1. Of all residues in the stretch 343-390, how many are open to solvent by 10 Å² or more (accessible area, probe 1.4 Å), more than 25 Å from the chain's Cα centre (by Cα) and either under 15 Å from Val329 (Cα atoms) or not hydroxyl-bearing (Ser, Thr, Tyr) (or both)?
2. Based on what the data block shows, is Ala377 of a type in the set (Gly, Ala, Ser) and closer than 18 Å to Met480 by Cβ?
3. Please go through (1) farther than 30 Å from Leu107 by Cα; (2) buried (at least 17 other Cβ atoms within 10 Å of the Cβ) for Ala505 and return the number of the only condition it doesn't satisfy.
4. From the set of residues in the stretch 437-459 that are assigned to a helix (DSSP H, G or I) and modelled with pLDDT under 95, which is farthest from Asp72 (Cα to Cα)?
5. Can you tell me which of Thr330, Thr305, Thr384 is in contact with a helix residue (DSSP H, G or I) (Cβ under 8 Å, 6 or more places away or on another chain) and among the β-branched types (Val, Ile, Thr)?
6. Given the condition open to solvent by 60 Å² or more (accessible area, probe 1.4 Å) and either small (Gly, Ala, Ser) or closer than 17 Å to Leu93 by Cα (or both), answer yes or no: does some residue in the stretch 186-196 qualify?
7. Any idea which of (1) touching a His at 6+ places or on another chain (Cβ under 8 Å); (2) assigned to a helix (DSSP H, G or I) is the one Val342 doesn't satisfy?
8. May I ask you to list the residues in the stretch 197-210 that are open to solvent by less than 40 Å² (accessible area, probe 1.4 Å), farther than 16 Å from Phe127 by Cα and not aliphatic (A, V, I, L, M)?
Amino acid sequence: MNKRASALMAGAATAALLLSACGGGTSSDNTSNNGSTKDSGYNAALDKVLNPSDKKGGTLKLTVHDNPDSLDPAIAYYAQVWNFMKGFYVRSLLTNQAKPGADGLKLVPDLAADMPAIEDGGKKYTFKLKSGLKWEDGSPIKSTDIKYGIERIFATDVINAGPKYLVDVLDEGQKYPGPYKDTDPNHLGLKSVQTPDDSTIIFTLKEPNADFEYLLSMPAASPVPPGKDTGDKYANRPFSSGPYKFETYDQGKKLTLVRNDQWDPKTDSVRKALPDRVEVTYGTAVEEIDNQLLSEEVDLDIAQTGVQQGTQPKLLLNPDKKKNADSPVTGFIRYVAISTKVPPLDNIHCRKAVQYAADKVTLQTARGGPDAGGEIATNMLPPTIAGHDDADDVFNTKSGKPQIDKAKEELAACGHPNGFDTVLATRNAGKEPKTAEALQQALAAVGINAKLDPQDASLYFRSIIGSPSNVHTKGYGLMMAGWGADYPTAAGFLQVLVDSRAISASGNNNYAELSDPSIDALIDQARAEPDPAKNAEIWKQINKKVSESATYLPFTYDKALNYRNPRLTNVFVTQYYGMYDFGSLGVVS
């Protein structure tokens, strides 16, 4: 194993140890004396596979309230959508291993025949593809298809959302416009990616990047056949490289996947592909989702954000139901982004007033309390990520209680001793409306009047708070948000939220528009540091600077109380996403 691969695995192992330390792998009422989980029961799917089976057949029935942000792998950015597409119809050079516990953080070859050959001090990555890889129409998956799929994310006028890490890493001053404006005859003009033959792809980086292999495991790095690319309409009918393909898709209502008979299980050591069909119903009311779960009409809620507050006692106080539930530490943070561009929150003292006035206990309660909503958060790196430091609590919020006197001092310092008016953006679904109301009430106690503006969840991150111009026009001083790691390192979690160079006109994720040259410089330093321990130390510094800027108000390190239909087989929580691994599931029909 080469040194670079060792470093990446060590970083993943560090993250896994931190998750275990914060309670991610134990149950309060189903553990043995040594803390290991029993074979079945509450939290039993956190560290083992429940109901293992290789039986094929049946229909996996999924439901969700929100529409997907996109089913185009280049645009999608919701974790549950990534989990869905990677499990069923999208493959990439590398992917996370489909196993519970720390093993699930390890990257393994997917389309690639092996891990890459790394040369030139970590600046050159060469992959060979497996033989026998086919698209759903039987045509071979080629290295040029992978290159083209990556090129699509450069076309920001068409692919105007989704993660842009690879653009930053691979453009290298070329200002590549994407394949739609590419003057190369084959639309393969991105110079930093070369395909000398159909089974070889070579990436040449300007500088070493400690997380590059993780970037290649994202759906945005998956192949797309040029002849099937329909631009901004591709989400309506993606072409499958995985074990399932689209049969029907009635947008906003229902999606049905059926087996892709061109997928060869000999080329895929990750996906089980057990159900004959996968059916997803969109737009189900959240209370109805809970009813359908408890009556076992459906198998899982795709959102994986937990049952509603009113349903929690029905699960936790009923042993027959509780044994089919899990409450994992998800690796997500629930937080509020505080704009640096919307007055008066462009003044740091006004932002500090919000930090001190917030009642994190009521926010935690609105999300379900400590067991189902998460632990009080004090900074913007969760305990599952190397670089997290419990001591980073700049505003002394560990107790979760508001500090009214300090909030009033900061209001006076920013020239608004009696408070001010602002707008609080929120999604209109799930636990978020009640959480926003809890924040609104806490801020009102010091005269900060936050008007709620609920928005469509499917557009919320992409074009509502993800558009700086819209944020400024609507006066969104405060924005409810949640975030999980794009990949399980500090860079994969925090960089896109705090790097000023990542601010974009649409699909923006630095919602606060935080711009600090010292943070940007430390990010560059961390990017080139392959040693996991040294890398974590740099990110610890970055995280503290973010806290001191008062631009983000973290309030819970997320947990989600999810119910699993007892007819499911091969059930386990993947640490990579903090949710059940969709692609491993089977059903007892």
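The values are calculated or read from the model by the stated rules, or taken from the named source; none is laboratory data. Worth saying up front: this structure is predicted, and the values here are computed from it rather than measured. Every residue, glycine among them, receives a Cβ derived from its backbone with ideal geometry; neighbour counts consider all protein chains shown. All accessible areas refer to the heavy atoms of the entire protein, side chains included, with ligands and DNA or RNA removed. Shrake-Rupley method; radii C 1.70, N 1.55, O 1.52, S 1.80 Å.
1. 9
2. Criteria met by Ala377.
3. If we test Ala505 against (1) farther than 30 Å from Leu107 by Cα; (2) buried (at least 17 other Cβ atoms within 10 Å of the Cβ), just (2) comes out false.
4. The selected residue is Ala457.
5. Thr384
6. The answer is yes, given that some residue of the stretch 186-196 is open to solvent by 60 Å² or more (accessible area, probe 1.4 Å) and either small (Gly, Ala, Ser) or closer than 17 Å to Leu93 by Cα (or both).
7. So the condition that Val342 fails would be (2).
8. Of everything in the stretch 197-210, just one residue is open to solvent by less than 40 Å² (accessible area, probe 1.4 Å), farther than 16 Å from Phe127 by Cα and not aliphatic (A, V, I, L, M), namely Asn209.
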